[in-house]
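The block underneath contains the structure these notes are about, expressed in structure tokens.
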Amino acid sequence: MSSQGVQRRNEVLEAAERLFSLRGFEATSVRDIAEALEIQAGSLYTHIETKEDLLWEILDNAANRFFEAARPIVASDLVTIEKLKRAIAAHVQVITGSASAASIYMTEWRHLSETRRKEFAARRDEYEQMFRGMVHDAIREGIFGDVDEKFATLMILSSVNWIYQWYRPGGPMTPEEISRKITDLLFNGLKRATA
């Protein structure tokens, strides 16, 4: 693909991401995307095959960003609690870096075809497993109380996943402050919790 073709493809993805985030996948038509780009709807098909392909690419790119941020931390020699704090901070950075992509990642995957939905769910489960492994280690090492590790993992990820709904760049808290407040609140509760 030429550099001009790559640029246009990126513009299409950006327009689709913005509209899917604002309106939702189902409520956004190919015509809406074309109008946002100020081109004819038919012209859009020189850059895409289906609207679902755009959704898939946005979701895939978002998943890649989460993995790229977390994997080096999980694989590091840091102590467990530091790994978990940094992984949460990295997760927050990905979300605050693109709240629109995060909102699509959290909600619009349901509109994928069955095959792609299964593939997306497998990647999401793999990502969750990285966090669950760190939570497991924190429980085993006595950092956290005797809590249900699956529930604790879901609670941690749920608390950070919805940041996209209220975070605004330039708002009262930086991404670093958000992740620090979340880890302080969660970890203090998990230290005292019992199953």
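The values are calculated or read from the model by the stated rules, or taken from the named source; none is laboratory data. Fair warning: this is a prediction, and the values are worked out from it, not measured in the lab. Here the Cβ positions follow ideal geometry from the backbone for every residue, glycine too, while neighbour counts run over all protein chains shown.
Numbers at a glance
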{"read-out": "Output for region 159-180, where each listed residue is more than 21 Å from L22 (Cα to Cα) and either more than 19 Å from the chain's Cα centre (by Cα) or in a helix (DSSP H, G or I) (or both)", "value": "S159, P172, M173, P175, E176, E177, I178, S179, R180"}
{"read-out": "Number of positions in region 1-54 that are part of a loop (DSSP other than H, G, I, E, B) and in contact (Cβ under 8 Å) with a residue 24 or more places away in the chain", "value": "5"}
{"read-out": "Qualifying residues in region 12-60 (those that are surrounded by 18 or more Cβ atoms within 10 Å (Cβ to Cβ) and among the small types (G, A, S)) - the one farthest from A102 (Cα to Cα)", "value": "A34"}
{"read-out": "Yes/no for E114 being modelled with pLDDT of 95 or more and within 18 Å of S21 (Cα to Cα)", "value": "no"}
{"read-out": "Among (1) touching a residue at least 60 places away in the same chain (Cβ under 8 Å); (2) surrounded by fewer than 21 Cβ atoms within 10 Å (Cβ to Cβ); (3) under 30 Å from A34 (Cα atoms) - the single one I95 does not satisfy", "value": "(2)"}
{"read-out": "Sole exception among (1) in contact (Cβ under 8 Å) with a residue 12 or more places away in the chain; (2) among the charged types (D, E, K, R); (3) more than 22 Å from P175 (Cα to Cα) for E128, by number", "value": "(3)"}
{"read-out": "Flag for I139 being of a type outside the set (G, A, S), touching a Gly at 6+ places or on another chain (Cβ under 8 Å), assigned by TED's automatic domain parsing to the domain that holds T96 and not in a loop (DSSP other than H, G, I, E, B)", "value": "yes"}
